[in-house]
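*Asks:* Before we start, here is the structure in question, set down as structure tokens.
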Amino acid sequence: MSALNPYDSFLDGRPVEEIIAATPREVSRLIEAIGPARSFEPPAPGKWSPGEIVAHLADCELVFGFRLRQTLAEDGHTLQPFDQEKWAKSYHGITPEEALRAFKALREWNLILLEDLPAEARARKVTHPERGTMTFQTIVETMAGHDLNHLGQLRKIAGTS
């Protein structure tokens, strides 16, 4: 596991842009396979339900988009970490469909940002206070690994892993 990208071990050799572009469709397919009856059921004590996983993906997409844009806009920027467990406390009552709509919209916006981005932009440096100095591209790779991690969780719940 890379210290800069804690989800590096989930990457499977595909281009990261391909992974992040395919994730919304795959999440949608898995939520449909899981069904509404199990959407709010955690797979085990202390684990997030499928709906909470999708809400988390929407929150993270908001954060990733902000980080990507700050990295492009500000020289030597330091990213702000967040506590995902504290953010997850607000997920009660949000349906997977509501969270998925937000995730899809935010992901589409971030994919537009990534289109035709020059190589020098991908090399821009940014600091994560817990992980160190990384590049814009490291954030994109983290997005892809993060997607694959949570897709694996949803596949397991859906029984398609």
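*Asks:* In the range 114-131, which residue that is of a type in the set (A, V, I, L, M) and surrounded by 14 or more Cβ atoms within 10 Å (Cβ to Cβ) is nearest to Ala144 (Cα to Cα)? Give the derivation first.
*Replies:* Within the range 114-131, the subset of a type in the set (A, V, I, L, M) is 114, 117, 119, 121, 123, 126.
From what is left, the residues that are surrounded by 14 or more Cβ atoms within 10 Å (Cβ to Cβ) are 114, 117, 121, 126.
Numbers: Leu114: 13, Leu117: 17, Ala121: 18, Val126: 18 Å.
Restricting to residues being of a type in the set (A, V, I, L, M) and surrounded by 14 or more Cβ atoms within 10 Å (Cβ to Cβ), the top hit is Leu114.
*Asks:* On the basis of being without any contact (Cβ under 8 Å) to a residue 60 or more places away in the chain, within 22 Å of Arg131 (Cα to Cα) and in a helix (DSSP H, G or I), does Gln80 make the cut? Break it down into steps so the answer makes sense when it comes.
*Replies:* Numbers: without any contact (Cβ under 8 Å) to a residue 60 or more places away in the chain: yes; within 22 Å of Arg131 (Cα to Cα): yes; in a helix (DSSP H, G or I): no.
So Gln80 fails the test.
*Asks:* Among the candidates Leu62, Leu117, Leu72, which residue alone is assigned to a loop (DSSP other than H, G, I, E, B) and of a type in the set (A, V, I, L, M, F, W, C)?
*Replies:* Working: Leu62 fails: assigned to a loop (DSSP other than H, G, I, E, B); Leu72 fails: assigned to a loop (DSSP other than H, G, I, E, B).
None of the other options fit; the residue is Leu117.
*Asks:* Continuing with this model, one more query. If you go through the range 63-90, how many residues are under 15 Å from the mean Cα position of the chain (by Cα), charged (D, E, K, R) and more than 21 Å from Glu52 (Cβ to Cβ)?
*Replies:* Residues that pass the stated criteria total 1.
*Asks:* Is at least one residue of the range 63-71 closer than 21 Å to Gln153 by Cα and of a type outside the set (A, V, I, L, M)?
*Replies:* The answer is yes; a qualifying residue exists.
*Asks:* Just to be sure, is Ser49 surrounded by 13 or more Cβ atoms within 10 Å (Cβ to Cβ), more than 17 Å from Pro6 (Cβ to Cβ) and free of Cβ contacts under 8 Å to residues at least 12 places away in the same chain? Give the derivation first.
*Replies:* Values: surrounded by 13 or more Cβ atoms within 10 Å (Cβ to Cβ): yes; more than 17 Å from Pro6 (Cβ to Cβ): yes; free of Cβ contacts under 8 Å to residues at least 12 places away in the same chain: yes.
Yes, satisfied.
*Asks:* Given the condition within 20 Å of Met143 (Cα to Cα) and either at pLDDT 95 or above or not aliphatic (A, V, I, L, M) (or both), answer yes or no: does some residue in the range 34-48 qualify?
*Replies:* yes
*Asks:* Out of Val63, Val54, Val16, I need the residue that is touching a Leu at 6+ places or on another chain (Cβ under 6 Å), surrounded by 13 or more Cβ atoms within 10 Å (Cβ to Cβ) and closer than 22 Å to Leu114 by Cβ. Which one?
*Replies:* Val54
*Asks:* Looking only at residues in the range 16-59 that are outside any helix (DSSP H, G or I) and in contact with a helix residue (DSSP H, G or I) (Cβ under 7 Å, 6 or more places away or on another chain), which one is farthest from Glu98 (Cα to Cα)?
*Replies:* Out of the qualifying residues, it is Pro43.
*Asks:* Within the range 74-119, can you find the residues that are on the phi > 0 side of the Ramachandran plot and charged (D, E, K, R)?
*Replies:* Answer for the range 74-119, where residues must be on the phi > 0 side of the Ramachandran plot and charged (D, E, K, R): just Asp116.
The values are calculated or read from the model by the stated rules, or taken from the named source; none is laboratory data. Quick caveat: nothing in here was measured; it's all calculated off a predicted structure. In this analysis, Cβ positions are derived from the backbone assuming ideal geometry, glycine residues included, and neighbour counts consider all displayed protein chains.
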